[in-house]
Structures are given as C-alpha cells and as structure tokens.
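The values are calculated or read from the model by the stated rules, or taken from the named source; none is laboratory data. This one's a predicted model, so the numbers in the text were calculated from it and none came from an experiment. Here Cβ is always computed from backbone atoms with ideal geometry, including for glycine, and neighbour counts include all displayed protein chains.
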Amino acid sequence: MNVWLLWILAAVVCGIIEVMSVSFVFLMFAIGALAAGVAAALGASVFVQVIVFAVVSLALLALLRPFLKGRIDRSGGYVRTNTDALIGKTAYVTEAVGERHGRVQFSGGEWSARTEGEELAVGTQVSVDRIDGATAVVSALDSSSHPPMRPTAAPSE
C-alpha cells in the first residue's frame with residue numbers, strides 16, 4: 001500500500017473527528033496530513049513526511065485556528081443554539097400572561113408563555129428565563145431601563 005494513501009486516510013479520519021468536535025484542532029491535523037500525503041506522493045522519506053505533518057499542523061494551530069475561532073465565535077465562549085439562544089431575550093406580552101397561559105412575541109414569532117406567580121398585562125416587556133417544551137417562562141423587566149416595545153402587527157380597528 002502506498003504511504004500517501006495512509007496520510008489521506010488520516011486526513012479523512014481527522015476531518016470526521018473535526019465535524020463532531022468543531023474545535024478546529026483536528027482540521028489543522030487533517031490539513032497537515034494532506035500536506036504529508038503530498039510529500040509522500042512526491043517521494044519524500046517517512047522522516048520528511050512526519051516533519052511536514054508536524055510543521056504544517058503546528059503552524060496552522062498557531063496561526064489559522066485562532067483566526068477561525070474568532071470568526072465563528074465572537075463571544076469567546078459557548079455558542080448558544082436552538083432554545084438556549086432564546087434565554088435572556090426581551091419579549092413583549094401580546095396576551096395576558098399568568099402561571100398557566102399567555103402569549104409573548106420575540107425573535108420573530110409568537111410563543112405561548114407563562115410566569116412563576118406574577119400576572120403580566122398586554123404590552124409588558126419581559127425577559128425569557130427558560131423554555132419548557134414550547135412554552136417560554138418569562139418574568140417582567142424593569143420598565144425604567146427598557147423603552148416600551150410595540151407590536152409589529154397592524155392595530156385592529
């Protein structure tokens with residue numbers, strides 16, 4: 001078996017691991033393995049192939065990975081997705097919200113909502129505390145620190 005095929009296989013394995021981890025570490029190793037595979041295809045010795053792999057991988061880890069992480073995750077921390085990304089959003093009440101039911105609008109849609117003990121009138125600004133299934137659990141915001149929100153729908157006559 002040709003050695004360059006082993007390097008290509010290593011690159012594919014690193015690529016698969018990268019897709020699962022999204023850390024950009026294995027992406028750099030995959031590119032290093034591809035570079036070593038090119039060196040092998042050009043007839044370089046195994047020693048040179050390993051050096052090419054190490055130098056390319058380490059250089060990319062030091063130079064390219066920080067740039068990529070900064071472009072993908074500007075917050076420098078955990079990227080919240082799905083319902084996690086909705087926690088902390090500001091919404092406004094479109095149908096009075098109590099412990100059992102109500103409606104709020106935020107993030108481009110209207111959600112069923114409930115509170116943990118307080119009654120909130122239509123137009124009240126709220127913060128999304130958590131998502132329980134398809135229901136936003138909300139609490140009132142301090143009205144002095146937030147300007148009033150207006151519905152995006154046309155007023156009824």
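Brief remarks follow.
- A121 vs. criteria surrounded by fewer than 14 Cβ atoms within 10 Å (Cβ to Cβ), hydrophobic (A, V, I, L, M, F, W, C) and at pLDDT below 90: no
- Among the residues of the stretch 86-102, those that are under 27 Å from the mean Cα position of the chain (by Cα) and surrounded by 13 or more Cβ atoms within 10 Å (Cβ to Cβ) comprise L86, I87, K89, T90, A91, Y92.
- Test: A62 is surrounded by fewer than 12 Cβ atoms within 10 Å (Cβ to Cβ), of a type outside the set (F, W, Y) and at pLDDT 90 or above: yes
- Qualifying residue in the stretch 6-17 (condition: within 30 Å of A85 (Cα to Cα) and among the β-branched types (V, I, T)): yes
- Count - residues of the stretch 14-33 that are in a helix (DSSP H, G or I) and among the hydroxyl-bearing types (S, T, Y): 1
- Among the candidates A36, A11, A54, A59, residue that is in contact with a Phe, Trp or Tyr (Cβ under 7 Å, 6 or more places away or on another chain) and either basic (K, R) or part of a helix (DSSP H, G or I) (or both): A36
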